[in-house]
1. Output wanted: per-residue J couplings in Hz (rounded whole) for the range 330-343, from phi through Karplus 6.51 cos²θ - 1.76 cosθ + 1.60, θ = phi - 60°, x for Gly and Pro.
2. So who's got an amide H within less than 5 Å of the one on Cys194, skipping anything under 5 residues away but keeping other chains? H placed 1.01 Å off N, in plane.
3. Percent relative contact order of the chain, based on C-alpha pairs within less than 8 angstrom and at least six residues apart?
4. Taking R0 as 45 Å, what's the FRET efficiency between Ser357 and Asp7 from their Cβ-Cβ distance, rounded to 0.05?
5. Quick check on the chain: helices-only [θ] at 222 nm, where DSSP H runs of length 4 and up contribute -39,500 (n - 2.57) each and the sum goes over total residues. Nearest 500, please.
6. Karplus couplings for the range 138-143 from phi (6.51 cos²θ - 1.76 cosθ + 1.60, θ = phi - 60°), rounded to Hz, Gly and Pro as x?
7. Could you tell me how far the Cα centroid of the range 133-196 sits from the Cα centroid of the range 331-345, in Å?
8. Using θ = phi - 60° and the Karplus curve 6.51 cos²θ - 1.76 cosθ + 1.60, what whole-Hz ³J(HN,Hα) does each residue of the range 13-27 get, with Gly and Pro shown as x?
Amino acid sequence: MTILPPDPAGFALEFPVVVIGAGAAGLTAALAAREAGADVLVIERDPIPQGSTALSAGLIPASGTQWQRALGIDDSPDAFAADIMAKAGGTPDPALVRLVTHRVGPALEWLHATHGLDFSVITDFRYPGHSAHRMHGLPSRSGRELIDALRAAAESAGVELLCSAHATALVGDADGVRGVAYRRPDGSEERIGCGALVLACNGYGGNKALVARHIPGMAEALYFGHPGNQGDALLWGQALGAAARDLSGHQGHGSVAHPAGILITWATITEGGIQVNAEGARFSNEAHGYSEQAAAVLRQPGQIAWTVFDARIAAIARQFEDFRQAEAAGAILTAPDPATLAIRMGVAAEALRATLSEVDQLKGEGATDRFGRNFAGVPQLEPPFCAVRVTGALFHTQGGLVINDRAQVLRPDGTSIPGLYAAGGAACGVSGPDPSGYLSGNGLLTAVALGRVAGLATSNAIR
């Protein structure tokens, strides 16, 4: 990745703080730096900010928040940190886990109090691995609403947004980062100097070569992230001598409607639904987590599965805009009985009937099945039944640049690269090296928490 030497003549235009990427991480960093008094420029390759945030469900896990307290939810950052470490088998950096779990709650309360983001806690169901209801979202439960709200807040705060500008190179040397070069759609190129640079352009999920190198099992999977996630931050950082960690870590998802390409909420599983393959048979412990379920789905014939649930679960899922869109697109099938559902799915009716009968028995007995899924207390599926055809997908990578508690990018010896910061998917996350380590919401957790940390740190540094 290109690192350009500084021009002795300097830059025609400079900003104290420049942020590359206008997703949740970049806009949160920009808001924090701006509030602390810094002039901030955000460089975004798209015509309007969207990124991976817009493709997500827009849910941010946080503990000990005012919204949890109002509902009587007993939770704490330490409990949240324990859940993260348990899901990832103790592999993430404990200091980073502590940092983000203690900073994300105050960050959400700040976004609400200062910028009007109307968060609330999802209490209809609990995501796998979380010991408390701690998913916070805006009213529509959509990532697009979240990114639009952050963009509006940034504009109101006086953050400069430079869109349709593709950052192509960093300007710097062994003494640190001095600026960034970017290209406009007409091919013209410009350089802007900075006192501090925040890399917030996510990971490398859109770069097939890097995926094949670091996550070969997902090399041919559907990529459901933003195409701009080409690994620029990782490659720039490494070119400057930065350390990287857990590059095999990633978030998959085992429930993307196919061929509609719409994310189907995992509440369809956690509330008692199951997944079957084209033969009408279950093939895994669906309840373990949606990230690792991606690989399980991709191993099925045609890389396809069916998520089967009922009208009660559909009513819960309907609070998510993506699910409503899937219904409007005709992706959600309904039927009064298993036989009719099987016909509409195109699977063997007897096989589906046998599978549903087995699940009914497991639920009735509160038993654990051969895959390790415990059905104790899980409600029975009742007619009318629903199903959606899904495939597994790669959402975003979780490994990245190593940072300290000020979001400064570090070299292998622990020293920081002057002027360089990373947040969100550009930085190493808290999921460890395997997809099974991904705890629901880890992506937006590090985007918002580290975004604010980076914004405050850059403003302090330039002063």
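No lab work stands behind these numbers, since they all come straight from the coordinates. Not measured: the values here are computed from a predicted model. Cβ coordinates were reconstructed from backbone atoms using ideal geometry, including for glycine residues, and neighbour counts include every protein chain displayed.
1. x, 7, 9, 8, 10, 7, x, 7, x, 5, 5, 4, 4, 4
2. The answer is Phe15, Gly179.
3. Details: 1158 pairs, mean separation 115.3, N = 463.
For the chain, the relative contact order is 25 percent.
4. Numbers: r = 73 Å, r/R0 = 1.62.
Taking R0 as 45 Å, the efficiency between Ser357 and Asp7 is 0.05.
5. Values: 15 runs with 159 residues, N = 463.
Value at 222 nm, helices only: -10500 deg cm²/dmol.
6. Each residue's phi maps through the Karplus curve to give 7, x, 7, 6, 9, x Hz.
7. Rounded to whole Å, the Cα centres lie 45 Å apart.
8. 9, 9, 10, x, 10, 10, 10, 9, x, 10, x, 4, 5, x, 6
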